[in-house]
Structure formats: structure tokens, C-alpha cells
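The values are calculated or read from the model by the stated rules, or taken from the named source; none is laboratory data. No experiment lies behind these values; they were computed from the predicted model shown. Glycine also receives a Cβ, built like all others from the backbone with ideal geometry; neighbour counts cover every protein chain displayed. Ligands, DNA and RNA are stripped out before the accessible areas are found, and what is left, the full protein with its side chains, is counted by its heavy atoms. Shrake-Rupley method; radii C 1.70, N 1.55, O 1.52, S 1.80 Å.
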Amino acid sequence: MTRVRSVELRLVRLPLVRPFRTSFGEMTHKECVLVRVETEDAEGWGECVASTEPDFSEEWNEGVWLVLRDFLAPALLHAGDPSASEIERALAFVRGHPMAKAALVNALLDADLRAEKRSLATFLGAERSRVECGVSVGIAPSTAQLLEQVDGYLSEGYLRIKLKIEPGTDFERVRAVREAHPDIALSVDANAAYGLEDVDVFRQLDELGLLMIEQPLHHQDLVNHAKLQSRLQTDVCLDESIRSAADAASAIELGACRIVNVKQGRVGGLLEAVRVHDVCEAQGVPVWCGGMLETGIGRATNVALAAMPNFHLPGDTSASRRYFLEDLTEPFELDPDGTMAVPAAPGIGVDPIPARLEATTLRIERVGKE
Ligand code: SMG
Ligand code: MG
């Protein structure tokens, strides 16, 4: 008999405080699948980073729901008595679907840590009680509005500004922000919208003293990322291209990037995220914690991860209010010095507020043992 009693899937939807536009689309709401695992000893939560459409990657909420309900949750329920570290093996028969797997792995890990009364940060070997935070700014309707948003975030204390770019809305915009703020840590994220033939845009951006250029090219194109990196002074950072520690090792060996964005949800959960961290650290490649506009559940997970030793740059770990009027948990707050506290309570250290869950839930399904 396994100690996992049930897996509950829940689809939630929360309005964003402002639309978030990237090179692949615009979001006005956060909609995601939450996983609650109940064991003999505790319950644990995991948030899936997929959204309503298969745009950032192939995964999306309805697909995540089915693969969790029909394959991953049953495998966990019938896996004997897997520890959190063995669960990856029990789920490995499902190829791909790292975002769906991450939600389940993280939920079981949360339950186990809560049962042991140990915080996730302690489990991860986190070295800081506060992490440095940046903010990711969507493509704005105009340069004036972009400058206004950037001013607002800087006055709140954010330590790094990341601008989303797409072909046609890139160099001029970024230059305007750079001219207004010559000394800030500034980066751009293209979400794979360019090709190597666009090298001239990157050569222009290369003059702006950017901290990094994130995911300029197609996610499967490590070779051209290496070519681009060799032509630029600015560090290339990979996000979508890195789905495992093996991907990180390949990208580094090829010279495809000099910085890695770690998103635990994109790589199959916290355990693989630690391996990505370790591979990069061994190669002297700094990492930072990405974000997927998570609710407080995923945010707690990310903030603990961001406190690990090789996280050297401010993360996309922004305050709850940057996304939501009301979060699912008590809100995460930014200190005016641009840092955020790492939760110290057992597991991920936060709990969803029942009334908030109720108000945001679109659908629930329970997968039990039968
Ligand atoms: O969580 O603040 C956040 C958003 C950070 O820009 C962000 N994420 O490619 O890094 C990225 C994007 C993906 C968001 S798609 C929903
Ligand atoms: Mg990115």
C-alpha cells in the first residue's frame, strides 16, 4: 500500500492587475492547475506553470489535467511507497510533460517536508533568508507607457528590470529605457521570437550594456544560440531551451549561453531544478530564478529555490501585488531594498487561503485509489 491517499486537481483563474504581453501573446488572467497530494501524514501543494495555451511550451492546462489525471496521479498512487526523490522514476514512463510532472513532484515533496516539519529552503540547502528580486515588464502599448511602468517598478525597489521584446518592438524601446536609467541592471527576453538572420538587432542591443539577452532564438536551436553568443559581448541566457540538467550541460558545452534561467516547473520540478543548479555551478555558469506569473504557491516554491548558493542574479520573483489584487496565499511583499523573505515554515511555508481558493476555482477532480 502506498502512503499517498489521493491527488486532487484544481483549476483556478485569477485576474492580473495589468495584461502581460510577450512575443507569443497576451495574458489578462492567470489560469493554472493546482495539485494537492494527501499522504498518511500531511498534505502538500504544487502549482503547474502551464497556462491556457501551448505557447511558451507544448504543455497547456487541459493537457496537463489529462496527463495528471490519467497517467501521472495513478502512477503515484500505485507506486508503492516512493520517497519524493523516487517519484521521478515512477513518473518516467510518461515522456515529456515536465510542467505536469513538476506540480506532482513538488506537491509530494511539500507534503513530506511538512510531515518532517522541515522547510523547503532548508531541504534545498538555501543559504539566504532573503532573495534579490527583479521584475519582468511585458510589451507595453507605447514607449511612454513602458517608461512609466519601469519608473513605478524602480521606485518600489526592484533590482533588475527585464523588458519583453519582439521583432519591431525592440531596440528603440530598450534604448529609451537605457537612456532614462543609465545605471540600472537591465535585460531583455525575446521568448524565441528571432532567427540568426536578425543578428543586427542583437548587435544594436549589444551596445546598451545589458545584463543578458534571454532566449533570443528557437528553443531547439542550441547551435545557432552558440553562433549568436560568439558574436556578442552581452551574455546570452537560455530559458525555454533548458528542460533538464542534461540540456544545461549541452548548452554550456556548446557555448550556447553564459547564464541559465532556472524555472523548476519547466524542468520537471524542484529535484531536477537542483540538478540544473549543480551542473551550472560546476561549470561556473550563474543561474537565476525565472517566473511564470505564479500564485503564492508557486512563488513560495521559487523563492526557496532562489535562495540556493549559485543563484547570483535577481529573479523574476516579484511581489504578489505585481500580478494580483488578491493572491491565493498571504501576499509576498517586496522590501524597499528589493529583497523578499524566504518562507521559513515547514514545506513551502505558505497555505492557500480557503476563501480565495473557493473564489477562484473553476473545477476540481479527485484521483483516489481504485
Ligand atoms: O513571473 O514575473 C513573472 C513573469 C516572468 O517574464 C516572465 N516569464 O519567458 O521568462 C519568461 C516569461 C514567461 C511567461 S509566459 C506566461
Ligand atoms: Mg524567459
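Overview of results
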| item | result |
| --- | --- |
| For Asp351, distant residues with modelled amide H under 5 Å away | Glu330 |
| Signed unit charges on C-beta, dipole axis of the chain, positive-most listed residue Ala355, Gln204, Ala273 | Ala355 |
| Residues Ala282 and Arg5, FRET efficiency given R0 of 30 Å [Cβ-Cβ distance, rounded to 0.05] | 0.15 |
| Accessible carbon and sulfur surface of the range 1-97 relative to its total accessible area, %, 1.4 Å | 49 |
| Per residue accessible area of the range 70-170, 1.4 Å probe, in Å² | 41 |
| The range 106-145: mean projected area of Cα convex hull, nm² | 5.0 |
| Three semi-axes of the equivalent ellipsoid, the range 19-163, Cα gyration tensor, whole Å, largest first | 34, 22, 11 |
| Per-residue ³J(HN,Hα) for the range 13-19, Karplus 6.51 cos²θ - 1.76 cosθ + 1.60, θ = phi - 60°, Hz, x for Gly and Pro | 9, 10, x, 7, 5, 8, x |
| Estimated vicinal HN-Hα couplings, Hz - the range 274-286 in sequence order (Karplus 6.51, -1.76, 1.60; Gly, Pro = x) | 5, 5, 4, 3, 5, 4, 5, 4, 4, 9, x, 9, x |
| Residues listed by number, the range 338-362, amide nitrogen under 12 Å from Lys117 label point at 7 Å toward C-beta | 346 |
| With every protein chain in place, the range 275-357: carbon and sulfur % of accessible area (1.4 Å) | 55 |
| Restricting the range 250-335 to trypsin sites (Lys or Arg not before Pro) in coil, as DSSP defines it, with at most 16 other Cβ within 10 Å | none |
| Equivalent-ellipsoid semi-axes of the chain, from the Cα gyration tensor, Å, largest first | 33, 22, 19 |
| Structure-based [θ]222 nm, the chain - -39500 (n - 2.57) summed over DSSP H runs of at least 4, per residue, nearest 500 | -9500 deg cm²/dmol |
| Amide H partners (placed H, <5 Å) of Ser187, local residues excluded | Ile161, Lys162, Leu163, Leu211 |
| Antiparallel DSSP beta bridges within the range 149-237, percent to nearest 5 | 10 |
| Cα-Cα over 31 Å, subset of Lys117/Lys263; Lys101/Lys164; Lys101/Lys227; Lys164/Lys227 | Lys101/Lys227 |
| Anchor Lys369: lysines whose Cα lies under 16 Å away (excluding residues fewer than 8 positions away in-chain) | none |
| Rg and Dmax of the range 250-329, Cα atoms only, in Å | 13.3, 44 |
| Reciprocal of mean inverse Cα separation for the range 80-211 (Kirkwood radius, Å) | 18.3 |
| Share of carbon and sulfur in the accessible heavy-atom surface of the range 110-229 [1.4 Å probe, %] | 47 |
| Average accessible area per residue (Å²) across the range 9-63 - probe 1.4 Å, nucleic acids and ligands excluded | 40 |
| The range 228-370, Rg to Rh (Cα coordinates; Rh as Kirkwood inverse mean 1/r) | 1.03 |
| Accessible area of Asp221 in the full protein assembly, 1.4 Å probe (Å², nearest 10) | 40 |
| log10 of Debye I(q)/I(0), alpha-carbon scatterers only, for the range 75-141 at 0.15, 0.27 Å⁻¹ | -0.67, -1.19 |
| Principal axes of the range 29-98: Cα extent on each, largest first, Å | 35, 25, 19 |
| Where the range 201-252 is the region considered: accessible area per residue in Å², 1.4 Å probe | 37 |
| Two-site FRET efficiency, Glu148 against Leu362, from Cβ-Cβ distance with R₀ of 35 Å, rounded to 0.05 | 0.55 |
